[in-house]
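I have placed the structure first, in the form of structure tokens, so that the comments after it can refer back to it.
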Amino acid sequence: MALRITARVLAPIALLVVACGGDSASPDDPDNGFEGPSGPHFTVSPIDPAKISGITPMGSNGKIFPIAHTYWWTCHQDYLFPAERPCYRERLAIRAPNAGVVFAVEHRADGGITIEGPPGVYAGFAHVTPTAGLGRGTRVSAGDTIARMFTDFAFDFGVVNLRRERHPLLRKERFGDGYLHAENPIAQYPEPLRSTLMGKVVTAADPMGRIAYDAAGTASGAWFRTGTPLTDALAPQHQAAQLFLGRLQELAETPILVTGATWYRAPWGVVVPDAEYPDWTRITPGTGTVWIKLWETGRDGRAMLSSPQGGVLLEVLAGEQMRVEWFDTHVRPPGFTAAAWVYER
């Protein structure tokens, strides 16, 4: 069963899981055929917890869709929640969180490594320099040095756990197991280490995070322009066809719209601050056409009212489709034009 991990969605953990062997169960099986508990299985923090200045929840918004891994900082560069925190500028050794085997490794300065252990649970690290001599199939013990941080302030840590239930995305064929079974690494640690690591998460929302916002029959969640292939919808060449309507992960009261298309000038997302704004989950086929003014996202995660970003006209259609058109104005247009796009799940 192949796992489709793409650079845009799990980037830069692009090699977390490239394949899962050819003999495992169908992806339609909830547990993918792996027996045993889903966790916790980890026993060792990849770096000394005392030198962690911050961890992001899974699902942070830095790509089109919520990111399915976490960032671990030794010198936290946080613009949403600025605060005095310890700052360790050091390329620390990365330790294996559990006994297992090397599943994938990219030997370069800014590389990555994935450890499988137990079967069906994959721990992937990116922006690291793997230890020389490690190759696919190499056995490691918990606590073994498997890499060193590439930068002196952060690295990526993600888990794909095929033993857990899939995230509730409406078109699972578009995402593959690497996204559907993504898990916050902290979930794999027992107490008291779990609480220690949870205390490092910087957020005003659920510290574990969330990546699935799909709500059937509403505007909320992940969308793809009609005609986007199912099998590689997350590939970089289809980025312009991707659209996400959800919430800012670390500041859940902030609604965001993120698209890979060049409809607006904002760098990666916009907020919808209007008092009459209906929640994405409340926009349904019965709502009719909705006009929403857009603003650039400020460094505090809220609307930057000095930087308008036009507006979108949208209409949720039957059959999990949605018509969307962006206009470079805050004045409501009379209706859709031939430039409107239709998106689907």
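The values are calculated or read from the model by the stated rules, or taken from the named source; none is laboratory data. What you see is a predicted model; the values in this text were computed from it and never measured. When we count neighbours, we look across all protein chains shown, and the Cβ atoms used for this are built from the backbone with ideal geometry, even at glycine. Note: accessible area is taken over every heavy atom of the protein model, side chains too, but ligands, DNA and RNA are not part of it. Shrake-Rupley method; radii C 1.70, N 1.55, O 1.52, S 1.80 Å.
Within the span defined as segment 203-226, every residue fails to be under 22 Å from P49 (Cβ atoms), without any contact (Cβ under 8 Å) to a residue 40 or more places away in the chain, of a type outside the set (F, W, Y) and in a loop (DSSP other than H, G, I, E, B). Scanning segment 117-129 for residues that are under 18 Å from L92 (Cα atoms) and open to solvent by 10 Å² or more (accessible area, probe 1.4 Å) turns up H127, T129. D232 falls short of the stated requirement of being in a loop (DSSP other than H, G, I, E, B), within 15 Å of the chain's Cα centre (by Cα) and in contact (Cβ under 8 Å) with a residue 12 or more places away in the chain. Annotation: V17 fulfils all but one of (1) under 22 Å from the mean Cα position of the chain (by Cα); (2) surrounded by fewer than 21 Cβ atoms within 10 Å (Cβ to Cβ); (3) modelled with pLDDT under 95; the unmet one is (2). Restricted to segment 98-116, and to residues that are within 18 Å of I47 (Cβ to Cβ) and within 21 Å of the chain's Cα centre (by Cα), which residue is surrounded by the fewest Cβ atoms within 10 Å (Cβ to Cβ)? My answer is D110.
Out of everything in segment 235-268 that is in a loop (DSSP other than H, G, I, E, B), open to solvent by 30 Å² or more (accessible area, probe 1.4 Å) and without any contact (Cβ under 8 Å) to a residue 60 or more places away in the chain, what residue ends up being farthest from L180 (Cα to Cα)?
R265
Flag not set for G100, criterion: within 14 Å of G158 (Cα to Cα) and among the small types (G, A, S).
Within segment 136-170, the set of residues being among the polar types (S, T, N, Q), farther than 30 Å from T218 by Cβ and in contact (Cβ under 8 Å) with a residue 60 or more places away in the chain comprises T151 only.
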